[in-house]
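Participant: I have a structure I would like to understand better, so I am pasting it below and will then ask my questions one at a time.
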Amino acid sequence: SGNESAQSSEVSATTHIMTDDEFLDMTQRATFRYFWDWGDPNSGLTRERWHPNESDVTNTIGGSGFGIMAIVAAVERGFITREQGAQRMLKITTFLATKADRFHGALPHWINGTTGKMVNFGQQDGGDIVETAFLIEGLLTARQYFDNNTADEIQTRAYIKKVWEEVDWNFYRNGTTGLYWNWSPTMGFNFSDTYVFHGWNETQIAYILAVASPTKAP
């Protein structure tokens with residue numbers, strides 16, 4: 001309405017010439033803080049966007065794969081303790097394995113971080129195999145990294161195994177020689193927002209994971 005708020009407090013910041021290690025630390029720490037500080041308090045997954053009153057509980061599945069990678073890096077670089085990282089991973093994997101909507105094993109593009117239900121992304125109302133691939137990539141990295149025999153890490157690995165092995169990559173072929181990006185429980189593979197994808201781009205990880213699946217490879 002054209003109203004002006006009161007001025008905020010002034011802040012200042014300074015920087016300095018950094019070594020390569022200092023610059024890497026700063027970049028990784030700042031990146032990690034988004035995934036860690038702004039992770040969904042219920043699911044532990046990565047939120048799609050910032051909202052001033054935190055009313056938007058949309059979580060991003062692909063972004064959560066990146067967030068899981070950030071947790072591994074943060075533990076390794078000492079930004080958080082291993083125990084903190086393991087506890088967050090247990091929250092994330094518990095939610096994914098026991099509450100989140102999955103469609104022939106694949107997760108949707110967006111998900112409600114409270115209920116675990118699919119959130120529409122345009123026409124998409126079912127499984128997104130590429131976003132799922134980004135998530136699985138992070139989960140498999142975490143399964144390899146969190147290899148201690150503590151209760152949290154053992155359970156986390158079990159949940160990751162469950163989510164990974166239940167993705168039906170062969171189903172997403174739909175009888176073709178490639179993978180379809182999306183499947184809908186209401187439209188199947190017959191809608192404009194899905195197609196067979198190929199190429200040296202972000203989608204290649206889906207093919208690598210598909211052929212590597214121990215249970216449902218094409």
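The values are calculated or read from the model by the stated rules, or taken from the named source; none is laboratory data. Fair warning: this is a prediction, and the values are worked out from it, not measured in the lab. As a convention, Cβ positions derive from the backbone with ideal geometry for all residues, glycine included, and neighbour counts pool all protein chains shown. Heavy atoms of the whole protein, side chains included, go into the accessibility calculation; ligands, DNA and RNA do not. Shrake-Rupley method; radii C 1.70, N 1.55, O 1.52, S 1.80 Å.
Participant: Please determine, in degrees from 0 to 90 and to the nearest 10, the orientation of helix 82-98 with respect to the longest principal axis defined by the Cα atoms of the chain, where the helix direction is its Cα long axis.
Facilitator: Helix 82-98 sits roughly 40 degrees off the main axis of the chain.
Participant: Take T215 and K162, extend 7 Å from each Cα along the Cα→Cβ direction, and tell me the distance between the two endpoints in nm.
Facilitator: It works out to 1.0 nm between the two label points.
Participant: While we're looking at this one, here's another question. How many percent of the accessible area of region 66-181 is carbon or sulfur, using a 1.4 Å probe? Don't jump to the answer; show the numbers that get you there.
Facilitator: Working: 2320 of 4750 Å².
The C+S portion of the solvent-accessible surface of region 66-181 is 49 percent.
Participant: Just to confirm, what accessible area per residue do you get for region 1-148 at 1.4 Å probe, in whole Å²? Provide the component values of the computation, followed by the final result.
Facilitator: Values: 8030 Å² over 148 residues.
Solvent-accessible surface per residue comes out at 54 Å².
Participant: Let me ask something additional. 222 nm [θ] for the chain, helices only, -39500 (n - 2.57) per DSSP H run of 4+, per residue, to 500?
Facilitator: Values: 6 runs with 92 residues, N = 218.
-14000 deg cm²/dmol, from helical runs alone.
Participant: Specify the angular offset, from 0 to 90 degrees and rounded to the nearest 10, of the alpha carbon long axis of helix 151-165 from the longest principal axis of the alpha carbons in the chain.
Facilitator: Taking the Cα atoms of the chain, the angle to 151-165 is about 40 degrees.
Participant: At 1.4 Å probe size, with no ligands or nucleic acids counted, give the accessible surface of R49 in Å², nearest ten.
Facilitator: Its heavy atoms expose roughly 90 Å² to the probe.
Participant: Where in region 5-70 are there chymotrypsin sites (Phe, Trp or Tyr not before Pro) that are in a DSSP coil and have at most 11 other Cβ atoms within 10 angstrom of their Cβ?
Facilitator: Working: sites: F23, F32, Y34, F35, W36, W38, W50, F66; in loops: W38, W50.
Filter output for region 5-70: W50.
Participant: Just to confirm my numbers, what's the Cα centroid distance between region 53-112 and region 166-206 in Å?
Facilitator: Using only Cα atoms, the two centres lie 23 Å from each other.
Participant: About its Cα centre, what dipole magnitude does region 145-218 give when the only charges are +1 on Lys and Arg Cβ and -1 on Asp and Glu Cβ, stated in debye to the nearest 20? Working shown, then result.
Facilitator: Working: 5 positive and 8 negative charges, 47 e Å.
Roughly 220 debye, rounded to the nearest 20.
Participant: Expressed as a rounded percentage, what relative contact order does region 53-185 have, with Cα pairs under 8 Å and six or more residues apart? Don't jump to the answer; show the numbers that get you there.
Facilitator: Working: 199 pairs, mean separation 40.3, N = 133.
Relative CO of region 53-185 lands at 30 percent.
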